Amino acid sequence: MKKTRLKTRQHGFTLIEIMIALVLGAFLIGGVLQIFLSSKQTYRMQDNLSRIQENGRFAMEFISRDVRGADYWGCLGGGSLSGNITNNLDPAGAGYDSVIDGFGQGIEGTNGAAGANLALDAPDSITLRGAYGGIAVMPPFGPQASANINVTAGNNLTQGEIVIVSDCSKGDIFQISNANPSTSGTVVHNTGNATSPGNKNANPATGCPSSGNKHCLSKIYRSDAQILKTQTVIYSIQNGASGQPALFKKVNGAPAVEMIEGIENMQILYGEDTDLPVDGTPNYYVPAGTVGLKMDQVISVRISLLAVSLEDNLTSQPVAYIYNYNGTPTTPTDRKLRRVFTSTIVLRNRL
């Protein structure tokens, strides 16, 4: 008897099987997407946190370096602008800027418009003045205070540069008027020169000519003196090229340069030493413009920077932060990350 074997063949999937497969596939794809989105959000969070820390650290380092060097005028030391230094720049000269060319104080500041608390105040600004470098004065000296100053050649000085010549007792700020001070080794301080703002005869010393070009300094400087380049630096908060708030630095009247992006606010307190004699310790910290604050007695500043992430929607809801000095929290309207960097910096040249 012959046996017959039945053969079965697969002809396709049923509709129910297809629907089950689609549902399972959707769950798998959804899980993969969830993992991807979670990983991306974690990456965004960590990347922005790293940028905040980096921006805050660099911004504080830039400011701290210039604060520590403020009010340096060579052997004279700090706090000497009011009494021992003569400013020979011409206030009537073209392009004269009292902030840049006035050399009123080694450190000054502006206090931003007040808000509900310091966290909502407009950013402050700070102006730092001083000198750097040092080129020794060489013989022959004089024979009068209107004589040119001799230095070594190859000094990198240029015409129109504003410098200070000082020893341990006096100093004179003036603008170099000759065209080749670096190659000639001679520094000329004529009045009425073509560079802006030019020099004037601020404090003629005994023995200066009674007529002609009376370009007299306050004394004859000798081998214990040196020429230093002056510098006025202004730090402020402005909107940067990307539209984000940033730390800007302005040097000697040149256009302000964007230094660090993502710095949203800057609040500054000034520590004044009111003791007589001074003991090198601030008695209190107050904002610029406070009644009774004497900037020539400020020996330290307390700077607080608010760094903010460049990206928004990093958190599920706005995150409160404490920015002001009395510890009151502030809740923003966006979902950016913020971090506060605070440092107290000593003016080394006033101690």
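Collect the residues in the range 91-101 that are at pLDDT 90 or above and surrounded by 15 or more Cβ atoms within 10 Å (Cβ to Cβ), keeping them in residue-number order. Passing the criteria: Tyr96, Ile100, Asp101.
Of the strands (runs of 3 or more DSSP E) contained entirely in the range 231-335, those carrying at least 3 residues that are in contact (Cβ under 8 Å) with a residue 60 or more places away in the chain and not β-branched (Val, Ile, Thr) fall at 245-251, 263-272, 298-308. For the range 276-301, a residue qualifies if it is among the small types (Gly, Ala, Ser) and surrounded by 16 or more Cβ atoms within 10 Å (Cβ to Cβ), and the qualifying residues are Ala288, Ser300.
Give the range 36-85 a look and list any residue that's hydroxyl-bearing (Ser, Thr, Tyr) and surrounded by fewer than 19 Cβ atoms within 10 Å (Cβ to Cβ), or say none. Quick ask: steps written out before the conclusion?
In the first step, residues of the range 36-85 are kept if they are hydroxyl-bearing (Ser, Thr, Tyr); the result is 38-39, 42-43, 50, 64, 72, 80, 82.
Of everything in the range 36-85, those that are hydroxyl-bearing (Ser, Thr, Tyr) and surrounded by fewer than 19 Cβ atoms within 10 Å (Cβ to Cβ) turn out to be Ser38, Ser39, Thr42, Tyr43, Ser50, Ser64, Ser82.
Apart from one condition, Gln226 fits all of (1) surrounded by 13 or more Cβ atoms within 10 Å (Cβ to Cβ); (2) closer than 25 Å to Asn87 by Cα; (3) under 23 Å from the mean Cα position of the chain (by Cα); the exception is (3).
Every condition in (1) small (Gly, Ala, Ser); (2) within 39 Å of the chain's Cα centre (by Cα); (3) modelled with pLDDT of 80 or more; (4) exposed (fewer than 11 other Cβ atoms within 10 Å of the Cβ) holds for Gly25 except the one numbered (2). Would you mention how many residues in the range 205-232 are farther than 26 Å from Val251 by Cβ and modelled with pLDDT of 90 or more? Of the residues in the range 205-232, 5 are farther than 26 Å from Val251 by Cβ and modelled with pLDDT of 90 or more.
A quick yes/no check of all residues on (1) of a type in the set (Ser, Thr, Tyr); (2) crowded, with 20+ Cβ neighbours inside 10 Å:
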position: Lys250; (1), (2): no, no
position: Pro255; (1), (2): no, no
position: Gly262; (1), (2): no, yes
position: Thr274; (1), (2): yes, no
position: Val308; (1), (2): no, yes
position: Val319; (1), (2): no, no
position: Arg335; (1), (2): no, no
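Test Gly185 against the stated conditions and say whether it is modelled with pLDDT of 90 or more, on the phi > 0 side of the Ramachandran plot and either buried (at least 17 other Cβ atoms within 10 Å of the Cβ) or of a type in the set (S, T, N, Q) (or both).
yes
Buried (at least 16 other Cβ atoms within 10 Å of the Cβ) and part of a loop (DSSP other than H, G, I, E, B): is that true of Gln144 in this structure? Steps first, please.
Values: buried (at least 16 other Cβ atoms within 10 Å of the Cβ): no; part of a loop (DSSP other than H, G, I, E, B): yes.
It is false that Gln144 is buried (at least 16 other Cβ atoms within 10 Å of the Cβ) and part of a loop (DSSP other than H, G, I, E, B).
Take the conditions surrounded by 14 or more Cβ atoms within 10 Å (Cβ to Cβ), modelled with pLDDT under 85 and small (Gly, Ala, Ser) and apply them to Ala202. Does it pass? The answer is yes for Ala202. All of Leu128, Leu157 fail the test of being among the aliphatic types (A, V, I, L, M), in contact (Cβ under 8 Å) with a residue 60 or more places away in the chain, in a loop (DSSP other than H, G, I, E, B) and touching a strand residue (DSSP E or B) at 6+ places or on another chain (Cβ under 7 Å), apart from Leu157.
For the range 163-180, taking the residues that are out of contact with any Gly (no Cβ under 6 Å at 6 or more places or on another chain) and farther than 15 Å from His215 by Cβ, the one that is surrounded by the most Cβ atoms within 10 Å (Cβ to Cβ) is identified as Gly171.
The values are calculated or read from the model by the stated rules, or taken from the named source; none is laboratory data. Predicted model, so just to flag it, every value in this text is computed and none were measured. In this analysis, Cβ positions are derived from the backbone assuming ideal geometry, glycine residues included, and neighbour counts consider all displayed protein chains.
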